[in-house]
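Structure first, then comments.
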Amino acid sequence: MTSLSTSAILLRRIEFGDYDLIVTLFTRTQGKVSAIAKSAKKSVKRFAGVLEPFSRLDVVLAKGRGKRMPVLQEASLEDPFFKIREDIIKTAYASYWAELIYLWMAEGETQESLYELTLHVLAELNRGVTPVEVLSILFQMRFLSLTGFRPNFDHCHACKTCLDQIQDASVVSDPSTGGIVCPSCGVPTNGRLKISKGTLKQLIWTDTGDMQRAARVRFTPTAIAEGLEFLETFVPFHIGKHPKSLKVLRAVRHAINKKSPVVSSPRRRGTS
Ligand SMILES: [Zn+2]
């Protein structure tokens, strides 16, 4: 049996039998790894309080022989990001991001840039300065780029008119072609959404340059609403799966917005 030591983010945990947990980790060096944490349920000393969702850990994994699942030998907390789990909307967003990674990644495939992105958005979510909606837009835009699904906003997919040359203020997103169509070429239908050109520009900015600066893009409430609706349609379409956590996120967001229409946004000032 060989062991390996790496940094990791805990994506999910499920109970296994009476004593154990199966944890899925996003490791820096090995990508997604599912491992068995023996006696994690039963023993209070073993892994006590460490194996919580979204925590950043240092782990030691013993590789299983043949096709056997690796064993989590040691885990120590690097950062618990506990403010995420204390807040229902932050938990809902983090769960959605974690599920996207879980659904898209294959076991053992290294994705260091995606790891860095995930760590960045979780740390910022925990810090609580950047609005959660902006972090979700940033995460999903960059997730699309890193996974090879970057949407093409340059021109209408059908008639090839450049975005700047399209006279209308809004275009129609078209997940099936990975881009947009102008109003003369397409109308909003199932899966196709109307999206303003101003929103598209702001989405492009979040995918450009360094992440700190990109997170400071000031979104208008319309751009946030349109951007989230677009990405939460586009991303699941491209990974070909329906994340269960997205339903929960939408329900939580809806309930919170109903209570107070101005959502968590300490720095929201419109620019477009
Ligand atoms: Zn067109």
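The values are calculated or read from the model by the stated rules, or taken from the named source; none is laboratory data. Nothing here was measured: the structure is a model prediction, and the numbers come from that model. Because the Cβ atoms are built from the backbone with ideal geometry, glycine has one as well, and the counts that use them run over all protein chains shown. Ligands, DNA and RNA are stripped out before the accessible areas are found, and what is left, the full protein with its side chains, is counted by its heavy atoms. Shrake-Rupley method; radii C 1.70, N 1.55, O 1.52, S 1.80 Å.
Away from the ligand (no atom under 15 Å from the Cβ), of a type in the set (Gly, Ala, Ser), touching a helix residue (DSSP H, G or I) at 6+ places or on another chain (Cβ under 8 Å) and closer than 11 Å to LEU138 by Cα - does that describe any residue in region 200-218?
The answer is yes, given that some residue of region 200-218 is away from the ligand (no atom under 15 Å from the Cβ), of a type in the set (Gly, Ala, Ser), touching a helix residue (DSSP H, G or I) at 6+ places or on another chain (Cβ under 8 Å) and closer than 11 Å to LEU138 by Cα.
So in region 141-192, with the set limited to residues that are assigned to a strand (DSSP E or B), more than 10 Å from the ligand (Cβ to nearest atom) and not hydroxyl-bearing (Ser, Thr, Tyr), which one is surrounded by the fewest Cβ atoms within 10 Å (Cβ to Cβ)?
CYS162
Looking only at residues in region 19-59 that are on the phi > 0 side of the Ramachandran plot and modelled with pLDDT of 95 or more, which one is nearest to the chain's Cα centre (by Cα)? Step through it out loud before you land on a result.
If we filter region 19-59 for residues that are on the phi > 0 side of the Ramachandran plot, which is where we start, we get 31, 39, 47, 49, 54.
Okay, now just the ones that are also modelled with pLDDT of 95 or more, so 31, 54.
Numbers: GLY31: 15, PHE54: 12 Å.
Among residues in region 19-59 that are on the phi > 0 side of the Ramachandran plot and modelled with pLDDT of 95 or more, the one nearest to the chain's Cα centre (by Cα) is PHE54.
Give region 131-140 a look and list any residue that's among the β-branched types (Val, Ile, Thr) and either surrounded by fewer than 24 Cβ atoms within 10 Å (Cβ to Cβ) or in contact with a Lys or Arg (Cβ under 8 Å, 6 or more places away or on another chain) (or both), or say none. Let's see the steps before the verdict.
First, pick out the residues of region 131-140 that are among the β-branched types (Val, Ile, Thr): 132, 134, 137.
Residue satisfying the conditions is VAL132 alone.
Out of all the residues in region 23-56, which are basic (Lys, Arg) and open to solvent by 40 Å² or more (accessible area, probe 1.4 Å)?
Within region 23-56, ARG28, LYS38, LYS41, LYS42, LYS45, ARG46, ARG56 meet the criteria.
Hey, among the residues in region 69-102 that are more than 18 Å from the chain's Cα centre (by Cα) and of a type in the set (S, T, N, Q), which one's surrounded by the most Cβ atoms within 10 Å (Cβ to Cβ)?
By that ranking, first place goes to GLN73.
Those residues that are among the aromatic types (Phe, Trp, Tyr) and either outside the structural domain of THR220 (by TED's automatic domain parsing) or under 30 Å from PHE54 (Cα atoms) (or both), I need them from region 121-169; list them, please.
Selection gives PHE139, PHE143, PHE149.
Applying the selection to region 125-145, what residues are within 12 Å of the chain's Cα centre (by Cα) and not aromatic (Phe, Trp, Tyr)?
Hits for region 125-145 are LEU125, VAL132, GLU133, VAL134, LEU135, SER136, ILE137, LEU138, GLN140, MET141, ARG142, LEU144.
Would you point out the residue of region 110-130, among those that are out of contact with any strand residue (DSSP E or B) (no Cβ under 9 Å at 6 or more places or on another chain) and open to solvent by less than 10 Å² (accessible area, probe 1.4 Å), that is nearest to the ligand (Cβ to nearest atom)?
If we take residues in region 110-130 being out of contact with any strand residue (DSSP E or B) (no Cβ under 9 Å at 6 or more places or on another chain) and open to solvent by less than 10 Å² (accessible area, probe 1.4 Å), then LEU117 is nearest to the ligand (Cβ to nearest atom).
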